[in-house]
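Following: one structure in structure tokens, then a few remarks.
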Amino acid sequence: MSSGTSITRRQFVETTAGLVIGFSIGPRAVPGTRARPTGPFTPNAWIRIDPDGIVTLTLDRSEMGQGSQTGLAMLLAEELDADWSAIRLGPMPENPAGWSRTMRTGGSHAIEGSWDPLRKAGAAAREMLLRAAAETWGVDKRECRTEKGQVVHAASGRRLAYGRLVARAAALAPPVPTDVTLKDPKDFKIIGTRVRRIDTPSKVDGSAVFGIDVKVPGMLIASIERSPVLGGKVKQVNAERTKDLPGVRHVVELEASSWMGPAGGWAAGCAAGVAVVADTYWQALVGRRALQIDWDEGGAATLDSASVRSQLAGLGENPAIVAENTGDATTAMASAAKRIDAVYDVPFIHHATMEPMNCTAHVQPDGVDVWAPTQNQGDAQKVAAQVSGLPVDKVRIHTTLSGGGFGRRLEPDFVSEAVRISKAVGAPVKVIWSREDDMRNGFYRPTSYNKFTAGLDASGRPVAWTHRIAGTPLRYKFGPLEKGIDDSLIDGAVMLPYAIPNVHVEQATLELAPVPRGPWRSVGVSHNGFVTECFFDEIAAAGGRDPVELRRELLQNKPRHLRALNLAAEKSGWGTPLTAGGGHGRGIALAEWGPTVCVEVAEVVVDADGTVHVPRVTCAVDCGPAVNPGQIEAQIQGGVIFGLSAALYGEITLAGGRVVQGNFDTYPVVRMPEAPVVDVHIVDSSDKIGGTGEPGVPPIAPAVCNAIFAATGKRVRKLPIGKVVV
């Protein structure tokens, strides 16, 4: 397994900080031989250097438009001292089970989780190339340095390109250094620069392959008519008209199913339905429309949004499981100079990715191939194995580009469907969801009812804070909740950064089994950031305090938060007059997606009829070392637009057990004329590195709602905002 030398089993599996560096992917060596390899140099599982100098990087994180693969390549290339123009990205590994760490992309962990492993991989390869050059020249390695894909001998000025050193480097013994020194950040040449994204050219010229673009010889196309009622089943189907239509090859009935993970089943993993398999998508869709299906609607047929809200409100009025208890909020509240109460509501919302769900699968007796725009290769492989009945190592996952993810593509339901249909018809099948399929069969962010009380002292400073959350949990599908707590409901509501001495947070859960729920960009912080930051603004107003000054006072022990707060306030012109006339206001909010902190100031204009406009948003983000400043700005800007769409319009409602919304006419998103100018300012920080895909989302809704209060004196306590009653 090692190029040019034998390797023990222990060395093979040896890891450092999650990085497998004890092996290289190449031909098996014959023990005792020292023949010099002639192929590419593969010092570890991440890097291959060819004799022509091209450096190919193998990454294990999906590209969903967030640009993380470029950032990951920068980490490797920095420590390798590679010539950036020679960098290429190879395909992701096809066997997630055999990879050195979990293959999934979410939670803004791509850069954060790879900061050390990828840099160490690059440094190890660079060390080997230095040794190879020193041996070639017969000099001390300490006399050599690397720069832009070359090793340079300082004394003589001689240079050798990496490509000319690959054979000797591959033959070194021991082949991979076990301890490497990483660069001092002051010596970075690539990290911290505005590097153009590697995936941009292929997206511009149309050669980029998204899941929906996949073509396989002999491939058929499937469209699925799913139960219109959540959790419903097929009672009877008449497909005679469908089977007579041109191009239709098969009709496959699909039972509702869930797949069993290590900790339990996934609720409502796949809806029941009937798949029409045809030569083209249009033929499959026409055939689907000709189906005559009698549905068993089940117990969810009476479910509606009003009843869900009523049940949550009932739970919110009674004591629940304690999620946090600091100090004595009850006693402090009794002696407070002032008390304020408020109730906040957040709805179910959908991911609404630009590319609807799709997957291509080919089940054969000896293996399964899956082509999918997934952000969770590990679970995709497991569910494909479970459905096909083949071992996990016989499932190959071919990861494509994704037209957005936001947490939706963590779910393996669309993979399960494609594998099941391919197995049934004995051919490769691509399943394509329509926009309506996607909207009405999503995994929705939980809805919650939030009851707050705060006690203030005579100076307007909060001395007590209580928050009871009644919500629909999403963690039940992973198994029983630890101590009854669902972190997706309390994240961002507990351990607030503010120095409030007495805090009490409770959580009550309403399990709605028919309604699929899943992580939505920034998960619990997305809704708790809204409710907590808006209520904090209410506290400031009730105490006659400026919202920035009160936050500043209560963040003295949180330097990272304080830096971001001060920068956002400064760059937004907080405290300076806005355009003359009524209906203008500024609002501020902060959120932490550990360890990244993001603070946003929104400027709003509220028309006389209550229409809300957001012309400008100023953001300050502390994500630690900035790998690619341009991409950080783009991610925060994208997060603001994504979060603003949800704040203004986002709501999934239920009627008769059905999801009402079906397309962007009933589930609007912010269009270009509505989009604000988004100014992003990156805090100069050497603190722990964090991600930026999630943190830009949570602050925008409370910042806008707080600005609406500043402009009109009206509080918005329920999302979506819609029009303000003025």
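Tallying residues that are within 30 Å of Gly492 (Cβ to Cβ) and open to solvent by 30 Å² or more (accessible area, probe 1.4 Å) within region 92-105 yields 3. Restricting to region 299-319, count the residues that are part of a helix (DSSP H, G or I) and either free of Cβ contacts under 8 Å to residues at least 12 places away in the same chain or closer than 19 Å to Gln507 by Cα (or both). Going through region 299-319 one residue at a time, the tally reaches 11. Out of the residues in region 656-671 meeting the condition of being out of contact with any helix residue (DSSP H, G or I) (no Cβ under 7 Å at 6 or more places or on another chain) and either outside any loop (DSSP other than H, G, I, E, B) or of a type in the set (Phe, Trp, Tyr) (or both), tell me which one is nearest to Val704 (Cα to Cα). Per the criteria, the residue is Phe664.
Across region 378-420, the number of residues qualifying as assigned to a helix (DSSP H, G or I) and more than 23 Å from Phe642 (Cα to Cα) comes to 22. Within region 155-181, the set of residues being in contact (Cβ under 8 Å) with a residue 24 or more places away in the chain, surrounded by 14 or more Cβ atoms within 10 Å (Cβ to Cβ) and farther than 12 Å from Met128 by Cα comprises Leu160, Ala161, Gly163, Arg164. For the residues Arg551, Arg560, the requirement of being under 31 Å from the mean Cα position of the chain (by Cα), at negative phi, open to solvent by 10 Å² or more (accessible area, probe 1.4 Å) and charged (D, E, K, R) singles out Arg560. Number of residues in region 97-151 that are among the aromatic types (Phe, Trp, Tyr) and touching a Leu at 6+ places or on another chain (Cβ under 6 Å): the value is 0.
Quick one: would you say Pro185 is out of contact with any helix residue (DSSP H, G or I) (no Cβ under 6 Å at 6 or more places or on another chain) and within 30 Å of Arg396 (Cα to Cα)? No, not satisfied. Only one entry in Val346, Val363, Val322, Val383 is in contact (Cβ under 8 Å) with a residue 60 or more places away in the chain and surrounded by fewer than 16 Cβ atoms within 10 Å (Cβ to Cβ), namely Val322. Do we have Ile469 as in contact (Cβ under 8 Å) with a residue 24 or more places away in the chain, open to solvent by less than 20 Å² (accessible area, probe 1.4 Å) and of a type in the set (A, V, I, L, M) here? When the stated conditions are applied, Ile469 passes them. Every test in (1) out of contact with any Leu (no Cβ under 9 Å at 6 or more places or on another chain); (2) in contact (Cβ under 8 Å) with a residue 40 or more places away in the chain is passed by Gly211 save one, and that test is (1).
Gln375 passes every criterion in (1) outside any loop (DSSP other than H, G, I, E, B); (2) buried (at least 24 other Cβ atoms within 10 Å of the Cβ) apart from (1). Taken together, the residues in region 386-410 that are crowded, with 20+ Cβ neighbours inside 10 Å and more than 29 Å from Thr200 (Cβ to Cβ) amount to 3. Among the conditions (1) within 30 Å of Val286 (Cβ to Cβ); (2) under 24 Å from the mean Cα position of the chain (by Cα); (3) of a type outside the set (Lys, Arg); (4) surrounded by fewer than 18 Cβ atoms within 10 Å (Cβ to Cβ), Gly218 misses just one, which is (2). In the set (1) under 23 Å from Leu410 (Cβ atoms); (2) among the aliphatic types (A, V, I, L, M); (3) open to solvent by less than 40 Å² (accessible area, probe 1.4 Å), the condition left unmet by Ala513 is number (3). Scanning region 538-548 for residues that are open to solvent by 10 Å² or more (accessible area, probe 1.4 Å) and touching a residue at least 60 places away in the same chain (Cβ under 8 Å) returns Glu538, Ala541, Ala542, Gly543, Gly544, Arg545, Pro547.
Selection of region 279-298 for residues being within 20 Å of Asp244 (Cβ to Cβ) and assigned to a helix (DSSP H, G or I) yields Tyr281, Trp282, Gln283, Ala284, Leu285, Val286, Gly287, Arg288, Arg289.
Filtering Ala278, Ala301 for residues that are at pLDDT 95 or above, out of contact with any strand residue (DSSP E or B) (no Cβ under 8 Å at 6 or more places or on another chain) and not β-branched (Val, Ile, Thr) leaves a single hit, Ala301. Per this entry, Thr453 is not counted among residues that are β-branched (Val, Ile, Thr), within 24 Å of the chain's Cα centre (by Cα) and open to solvent by 10 Å² or more (accessible area, probe 1.4 Å). Before we move on, is Leu303 within 30 Å of Ala701 (Cα to Cα) and open to solvent by 40 Å² or more (accessible area, probe 1.4 Å)? Spelling it out, it is not the case that Leu303 is within 30 Å of Ala701 (Cα to Cα) and open to solvent by 40 Å² or more (accessible area, probe 1.4 Å). Considering Gly442, Gly484, the condition of being more than 26 Å from Pro695 (Cα to Cα), out of contact with any Leu (no Cβ under 7 Å at 6 or more places or on another chain) and either small (Gly, Ala, Ser) or open to solvent by less than 20 Å² (accessible area, probe 1.4 Å) (or both) is satisfied by Gly484 alone. For region 456-490, the set of residues classified as modelled with pLDDT of 95 or more, more than 21 Å from the chain's Cα centre (by Cα) and not hydrophobic (A, V, I, L, M, F, W, C) consists of Asp457, Ser459, Gly460, Arg461, Pro462, Thr466, His467, Arg468, Gly471, listed by residue number. Screening Thr38 with (1) in a helix (DSSP H, G or I); (2) over 30 Å from Lys203 (Cα atoms); (3) at pLDDT below 95 gives one miss only, at (1). Every condition in (1) within 40 Å of the chain's Cα centre (by Cα); (2) free of Cβ contacts under 8 Å to residues at least 60 places away in the same chain; (3) crowded, with 16+ Cβ neighbours inside 10 Å is met by Arg145 except one, and the failing one is (3). Among the residues of region 466-489, those that are small (Gly, Ala, Ser) and part of a helix (DSSP H, G or I) comprise Gly484, Ser488.
Here the condition is being in contact with a Gly (Cβ under 8 Å, 6 or more places away or on another chain), touching a residue at least 24 places away in the same chain (Cβ under 8 Å) and assigned to a loop (DSSP other than H, G, I, E, B); of Pro497, Pro519, it holds for Pro519 alone.
Against the numbered list (1) open to solvent by less than 40 Å² (accessible area, probe 1.4 Å); (2) at pLDDT 85 or above, Ser24 comes up short only at (2).
The values are calculated or read from the model by the stated rules, or taken from the named source; none is laboratory data. Computed from a prediction, not measured in an experiment: that's the story for all the values here. Positions of Cβ are generated from backbone atoms using ideal geometry, with glycine treated the same way; all protein chains shown enter the neighbour counts. What goes into the accessible areas is simple: the full protein's heavy atoms, side chains included, and nothing from ligands, DNA or RNA. Shrake-Rupley method; radii C 1.70, N 1.55, O 1.52, S 1.80 Å.
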